[in-house]
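Right, one structure below, let's go through it.
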Amino acid sequence: MARPEAPTTDRTGQIYRALRHAIMEQALAPGAKLPEDAIGERFGASRTIVRHALGQLAAEGLVELRRNRGAVVATPAWEEARDIFDIRLGLERLVMSRLAGRLDAKQIAQLRAHVADEERARGENEPLSIRLATEFHIVLANMTGSASIARYVSEVSSRFGLILALYSRPHSSECAVSEHRAVIDALVEGDAEAAIKVMEGHLEAVANRALIMPSSRRNRELGDILDSYADDAGTAPAQPKR
């Protein structure tokens with residue numbers, strides 16, 4: 001049943017955040033169709049509002065808008081993987097150099113709380129664990145105070161997440177938690193070169209888990225997936241159905 005219509009701006013943002021979370025958590029797999037009418041029904045929104053949300057996701061490279069064929073979750077080519085990784089590595093080095101020795105107590109506490117959330121999700125809610133692992137890097141980028149750096153890190157990290165969804169071994173949340181803690185420690189120590197090396201090691205470990213062959217996935221109905229995210233306004237973690 002459709003939910004009551006909310007103000008246009010709020011509804012667009014809610015649908016954008018919910019779909020983005022579903023993509024980042026790999027609930028919506030690369031290549032999954034995103035019909036405007038089905039999404040609008042689940043979120044109680046018009047097709048115009050859904051189209052705006054899909055357009056925002058397309059601008060970030062998470063959705064592909066195909067003429068006369070509708071929208072689908074983006075499917076990056078394997079050949080793109082190395083380029084995206086190299087771009088991300090360059091951006092992460094920049095973030096490390098900007099933040100090393102400059103984090104205040106509140107920022108350090110925020111990062112450690114985020115990693116604690118990752119640890120709580122480990123083994124209990126793997127989709128949420130995957131999203132939190134990506135968002136750790138976005139939180140770091142936001143702390144630089146540069147809107148440009150934050151935007152590019154967010155887009156590249158999310159795009160790389162799609163590549164891993166297609167070509168990687170199963171996500172290892174244990175590795176992510178320990179490696180993220182090492183990144184925080186290096187930043188607190190204030191040695192930019194050391195922090196860069198820790199981040200490079202972390203990203204190389206992630207990339208080395210990638211495979212050439214696409215991973216197999218169990219099919220789920222779009223409606224079932226969207227029901228898990230229909231009330232997700234982006235202010236609290238989504239709780240996907242098991």
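The values are calculated or read from the model by the stated rules, or taken from the named source; none is laboratory data. What you see is a predicted model, and the numbers here were worked out from it, not measured in a lab. With ideal geometry, Cβ positions are generated from the backbone for all residues, glycine too; neighbour counts draw on all protein chains shown. Each accessible area value is taken on the protein alone, full model and side chains, heavy atoms only, with ligands, DNA and RNA left out. Shrake-Rupley method; radii C 1.70, N 1.55, O 1.52, S 1.80 Å.
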Once both label points are put 7 Å beyond Cα along the C-beta direction, the Ala58-Ala147 separation in nm becomes 2.4
For the stretch 19-62, state what percent of all Cα-Cα pairs lands in each successive 10 Å bin, counting from 0 Å until the bin that includes the largest distance. 28, 60, 12
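Round to a whole number: what % of the accessible area of the stretch 19-172 belongs to carbon and sulfur, probe 1.4 Å?
With neighbouring chains kept in place, the figure for the stretch 19-172 is 49 percent.
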Kirkwood estimate for the stretch 88-131, i.e. one over the average of 1/r between Cα atoms, Å: 12.1
Which trypsin sites (Lys or Arg not before Pro) in the stretch 21-96 pass both tests, a DSSP loop state and at most 12 other beta-carbon atoms within 10 Å? Arg67, Arg69
Hey, what D do you get for the stretch 62-176 in µm²/s if you plug the Kirkwood alpha-carbon radius into Stokes-Einstein at 4 °C and 1.567 mPa s? 84
